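These notes concern the structure reproduced below.
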Amino acid sequence: MPVNLRGRSLLTLRDFTTEEIHYLLNLSKDLKAKKRNGIKGNLLEHKSICLLFEKTSTRTRCAFEVAAYDEGANVTFLTNSQMGKKESMEDTAKVLGRFYDGIEYRGFGQSVVETLAKHAGVPVWNGLTDDYHPTQILADFLTVMEHVDKPLNKVKFVYCGDARNNMGNSLMIGAAKVGMHFVALAPKSLWPNEDLVAEMRQVAKYTGATIDFSEDLDAVIGADVIYTDVWVSMGEEHLFEERVKLLKPYQVNMDLLNRTKNDNVIFMHCLPAFHDTMTEVGAEIAEKYGMTEMEVTDEVFRSIHSVVFDEAENRMHTIKAIMVATIGNL
């Protein structure tokens, strides 16, 4: 059956089928090849897009802006709106929907992006909330397709660290949808919500995916991908010492990569990563806690196993595919 995503919002990959996810990934590959060949696009010509940000951003903002410009769209970057201050989420959505063909939201509550989608009348794309980060997962899977010589449903993907944050949730959902063997390697207190796990295991019955959880480092044996994220998410800085104590055994270092027994294992991270002290935050952590590396060592981050910058670039190509598929002139 042909896939038609026109007019759809992307709030979480829970709402998308296996076929729809593969369609977006294949469209991303085509659009990436087009850009690499220097072909100027017009698939978003005469479209206007609003980027609504409540959280800081590098990759999400830049990816949406460049992707939109590549295909001829106009973009408004909006950080000082009246949303939630002098104007309700519903009213804001109705106003923006009159002006724009599509709206991206990056912020805190999942309920906010859902309210925007309910009332805007145009597609709304989740650029990150506390619960989900669907555009990142599409970029991650495109990167796996480029670097692992296996179909996605044959890949063993191990996520190390805080498995109940937006990345842990979203990677598990994506893996279940495409039939991967997904392992969350994390302390039990940081495993995902049981209801979400149960839902994804139901999905896995149809896709052939395997969803596992472990506190044993040997869970990485045979992994094709080792993935991690920051130990403390935005808004949870007060939990720093507790998280470091919990997650230090799950740091991605060369010993962990060697434990996979796979010379071709790749390392992934959604960035930014605390792998050295070359940032204000990294220097502050080193001074206060004596730690010069956190979730990943500098050795791994800069190694031949690391594909983090290919992954970062792919945010642009997959975000372009989302916009083209949902509001584009196809």
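At-a-glance table
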read-out: Net charge of neighbours whose Cβ lies under 13 Å from the Cβ of residue 199, counting Lys and Arg as +1 and Asp and Glu as -1; value: +1
read-out: Percent carbon-and-sulfur accessible area, the chain, ignoring ligands, DNA and RNA, probe 1.4 Å; value: 48 percent
read-out: Estimated [θ] at 222 nm from DSSP helical runs (n ≥ 4, -39500 (n - 2.57)) normalised by residues in the chain, nearest 500; value: -13500 deg cm²/dmol
read-out: Protein-only accessible surface order, largest first, of 22, 275, 46 at 1.4 Å; value: 46, 22, 275
read-out: Centre separation in Å (Cα based) which lies between segment 295-330 and segment 15-72; value: 11 Å
read-out: Centroid-to-centroid separation of segment 256-285 and segment 207-251 [C-alpha atoms, Å]; value: 12 Å
read-out: Hits among aspartates and glutamates - C-alpha to C-alpha of residue 118 under 14 Å, sequence gap 8 or more where chains match; value: 90, 91, 104
read-out: Compactness of segment 192-252, expressed as Rg and Dmax over alpha-carbon positions, Å; value: 14.6, 41
read-out: Solution diffusion estimate, µm²/s, Stokes-Einstein, segment 153-205, Kirkwood Rh from C-alpha pairs, 20 °C, viscosity 1.002 mPa s; value: 197 µm²/s
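The values are calculated or read from the model by the stated rules, or taken from the named source; none is laboratory data. Keep in mind that what you see is a predicted model, and the values were worked out from it rather than measured. Quick reminder, even Gly has a Cβ in these numbers, built from the backbone with ideal geometry, and neighbours come from all protein chains shown. Just so you know, the surface numbers come from the protein's heavy atoms only, side chains and all, with ligands and any DNA or RNA stripped out. Shrake-Rupley method; radii C 1.70, N 1.55, O 1.52, S 1.80 Å.
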